[in-house]
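What follows is a single structure, written as structure tokens, with notes after it.
The values are calculated or read from the model by the stated rules, or taken from the named source; none is laboratory data. It should be emphasised that the depicted structure is a prediction, and the values quoted were computed from it without experimental measurement. Every residue, glycine as well, gets a Cβ built from its backbone with ideal geometry; the counts of neighbours run over all protein chains shown.
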Amino acid sequence: MSGGRILLIDDEEDLRRSTAQALDLAGFDVSDFANPDRILERAGYGFPGIVITDIRMPGMDGVTLMNRIHEIDRDVPVILVTGHGDVQLAVRSMREGAYDFIEKPFAPTQLIEVANRALTYRQLVLENRVLKAAAGQRDDIEQRLLGRAAVMIDLRRKVRTVGPTDADVLIVGETGVGKEVTARALHDLSARAAKPFVAINCAALPATLIESELFGHETGAFPGAMRARFGKFELAQGGTILLDEIGSMSLDLQAKLLRVIEERIITRLGSNEPLPLDVRFLATTKGDLESRVADGQFRADLLYRLNVVTLQVPPLASRQEDVPILFLQLVSEAAGRYRKPVPDVTQQMLAELGERDWPGNVRELRNAADRYVLGLHFDDTLAGSDRMERLADRVAAFEKSAIASALNAHNGALKPVYESLGLSRKTLYEKMQRYGLERRFFGTDFEAGDE
């Protein structure tokens, strides 16, 4: 499948250059890198290509890179290049999600054949996602911003509306609600989806190197600047910049950022030459920026420039009805990551989860799902057995579980549920009311009159 995009990572320059040349001559669109530092910015959820990486590299190795990519999108094909002594590691990595591996030394035709297969697979994955959305099934945005609560339906509507535009967006929400997930969704819906998504943690920028990190520098710009360096803004050219926790940025840097956002021009340290910047800015905050403006800690003009559109990502406390369906999805994802079977989750357990406070929001719920899949039960009351239950209670629990499973299998449509269970419609309604099973826990958004 010539013309497909390939990200190639190898710290051996001669081998990397020769491999990139062979792939380029075969008609692929190849970008090669000596280390994986910039790969996660490019291999996002909508990335229309594949990754080929050496296993043995200083810093982040190829297997770790693969796992990091698969945290963003499990269906990005990663091909591992291995030396003879690493074959067993590569085989084990295949079981963990690698698309394929190829052993050094290899013939270019061998790699080209594997790359073609991987690109064909990736194209089918992306086409299938589009077809599912067109058929009314859960689309990418609904899977990533899951929830049946009205606040989540409204958030998805706004993301779908704003995503394809170039509008700068301020994303507000508590810690752990999914602000970066929302930002990535906006990026992947835009025309910039194939370009870099560069996340900058404003709270973690080293005070002495902030300007160099963001704007880059020329050789000799300051003591220790032995060679020119691209800044993060320049690395995002054509793509999206996420300013994470922008409220923690100093007033001095806020002034410089304001100019960049207004003029879309940057100047490297030690240079007088302005560089045009083609990027979209997204910013997140967990605090109230207006109150920080009132306290003199945040520039009002920067706030007004950033919040062309403001998206509120709701905490779990405002959508507790979503906790059960969220937990089920997180358990399924955790089972895939850890290569373990999906454990049973009882309706009683889901009900108890929905009644709990989750101050850490989706992040805390994800950690609980991970522990549950790993067998590290986070609460004896949820993991305990029901051996002492009366027979009637066991029958009721089985009946509730069977109805819930059927509702989930049919995306909440009632007619196929009562037909498959051999019930009348009236009986199904009564049992759903008795067990507290609501259609909004299952399937897609319903229109009035849906069966």
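On the given criteria, is Glu180 part of a helix (DSSP H, G or I) and modelled with pLDDT under 90?
no
Step by step: first the residues of the stretch 182-209, then only those that are hydroxyl-bearing (Ser, Thr, Tyr) and out of contact with any Pro (no Cβ under 9 Å at 6 or more places or on another chain), then the one that is nearest to Ile6 (Cα to Cα). Which residue is that? It would help to see each step written out before you state the result.
First pass over the stretch 182-209, keeping only residues hydroxyl-bearing (Ser, Thr, Tyr): 182, 190, 208.
With out of contact with any Pro (no Cβ under 9 Å at 6 or more places or on another chain) added as a condition, the list becomes 182, 208.
On the way: Thr182: 26, Thr208: 36 Å.
Looking at residues that are hydroxyl-bearing (Ser, Thr, Tyr) and out of contact with any Pro (no Cβ under 9 Å at 6 or more places or on another chain), I get Thr182.
Of the residues Thr267, Thr240, Thr285, only one is of a type in the set (Val, Ile, Thr) and at pLDDT below 90; which? Break it down stepwise before answering.
Details: Thr240 fails: at pLDDT below 90; Thr285 fails: at pLDDT below 90.
Step by step, each of Thr267, Thr240, Thr285 is checked, and only Thr267 is of a type in the set (Val, Ile, Thr) and at pLDDT below 90.
Quickly run through the stretch 298-332 and pick out the residues that are surrounded by fewer than 16 Cβ atoms within 10 Å (Cβ to Cβ) and assigned to a loop (DSSP other than H, G, I, E, B).
The one that is surrounded by fewer than 16 Cβ atoms within 10 Å (Cβ to Cβ) and assigned to a loop (DSSP other than H, G, I, E, B): Val308.
Can you name the residue in the stretch 51-68 that is touching a strand residue (DSSP E or B) at 6+ places or on another chain (Cβ under 6 Å) and β-branched (Val, Ile, Thr) and, of all such residues, is nearest to Ala34 (Cα to Cα)?
Step by step, filter the stretch 51-68, then rank; the result is Thr53.
A quick yes/no check of all residues on (1) of a type outside the set (Phe, Trp, Tyr); (2) in a strand (DSSP E or B); (3) over 21 Å from Asp168 (Cβ atoms):
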| position | (1), (2), (3) |
| --- | --- |
| Ser212 | yes, no, yes |
| Pro223 | yes, no, yes |
| Arg227 | yes, no, yes |
| Glu234 | yes, no, no |
| Gly238 | yes, no, no |
| Leu243 | yes, yes, no |
| Gly247 | yes, no, no |
| Leu253 | yes, no, no |
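Assuming Asp450 fulfils every condition listed in (1) more than 33 Å from the chain's Cα centre (by Cα); (2) at pLDDT below 80; (3) not small (Gly, Ala, Ser) apart from one, which condition is it?
Condition (1) is where Asp450 drops out.
Enumerate the pairs (first residue in the stretch 97-119 and charged (D, E, K, R); second residue anywhere and assigned to a loop (DSSP other than H, G, I, E, B) and crowded, with 16+ Cβ neighbours inside 10 Å) with beta-carbon separation below 8 Å, excluding pairs fewer than 6 apart on the same chain, so at least 6 apart or on different chains.
Asp100/Pro77
Suppose we filter Asp61, Asp54, Asp11 for residues that are within 25 Å of the chain's Cα centre (by Cα), among the acidic types (Asp, Glu) and surrounded by fewer than 21 Cβ atoms within 10 Å (Cβ to Cβ); which single one remains?
Only one candidate passes the filter, namely Asp61.
Can you work out which of the residues in the stretch 34-61 that are in contact with a Leu (Cβ under 7 Å, 6 or more places away or on another chain) and part of a strand (DSSP E or B) is farthest from Leu111 (Cα to Cα)?
Within the stretch 34-61, the match that is farthest from Leu111 (Cα to Cα) is Gly49.
Would you check if there is a residue in the stretch 246-254 being touching a strand residue (DSSP E or B) at 6+ places or on another chain (Cβ under 7 Å) and either at pLDDT 90 or above or not basic (Lys, Arg) (or both)?
Taking every residue of the stretch 246-254 in turn, at least one turns out to be touching a strand residue (DSSP E or B) at 6+ places or on another chain (Cβ under 7 Å) and either at pLDDT 90 or above or not basic (Lys, Arg) (or both).
Only one of (1) modelled with pLDDT of 75 or more; (2) within 33 Å of the chain's Cα centre (by Cα); (3) surrounded by 15 or more Cβ atoms within 10 Å (Cβ to Cβ) fails for Phe442. Which number is that?
(1)
Leu275 passes all but one of (1) at pLDDT 85 or above; (2) out of contact with any Lys or Arg (no Cβ under 8 Å at 6 or more places or on another chain); which number fails?
Checking Leu275 against (1) at pLDDT 85 or above; (2) out of contact with any Lys or Arg (no Cβ under 8 Å at 6 or more places or on another chain), the one that fails is (2).
Looking at Thr19, is it more than 19 Å from Arg192 (Cα to Cα), polar (S, T, N, Q), in the same structural domain as Leu119 (by TED's automatic domain parsing) and assigned to a strand (DSSP E or B)?
no
State which residue pairs qualify: first residue in the same structural domain as Ile241 (by TED's automatic domain parsing) and inside the stretch 210-230, second residue aromatic (Phe, Trp, Tyr) and surrounded by 13 or more Cβ atoms within 10 Å (Cβ to Cβ) in any location, beta carbons under 8 Å apart, and separation of 6 or more residues or different chains.
Ser212/Phe222; Leu214/Phe233; Phe215/Phe233; Gly216/Phe230; Gly216/Phe233
State yes or no: is Arg122 surrounded by fewer than 18 Cβ atoms within 10 Å (Cβ to Cβ), in contact with a Gly (Cβ under 7 Å, 6 or more places away or on another chain) and not hydrophobic (A, V, I, L, M, F, W, C)?
no
Starting from residues that are assigned to a helix (DSSP H, G or I) and surrounded by fewer than 20 Cβ atoms within 10 Å (Cβ to Cβ), keep the ones in the stretch 190-210 and report whichever is modelled with the highest pLDDT.
Of the residues in the stretch 190-210, the ones assigned to a helix (DSSP H, G or I) are 202-204, 207-210.
From the residues that got through so far, the ones that are surrounded by fewer than 20 Cβ atoms within 10 Å (Cβ to Cβ) too are 203-204, 207-210.
Numbers: Ala203: 81, Ala204: 78, Ala207: 66, Thr208: 66, Leu209: 71, Ile210: 77.
Looking at the filtered set, the residue picked out is Ala203.
Take the residues in the stretch 27-45 that are surrounded by fewer than 18 Cβ atoms within 10 Å (Cβ to Cβ) and among the small types (Gly, Ala, Ser), then tell me which one is farthest from Ile200 (Cα to Cα).
The extreme case among them is Gly27.
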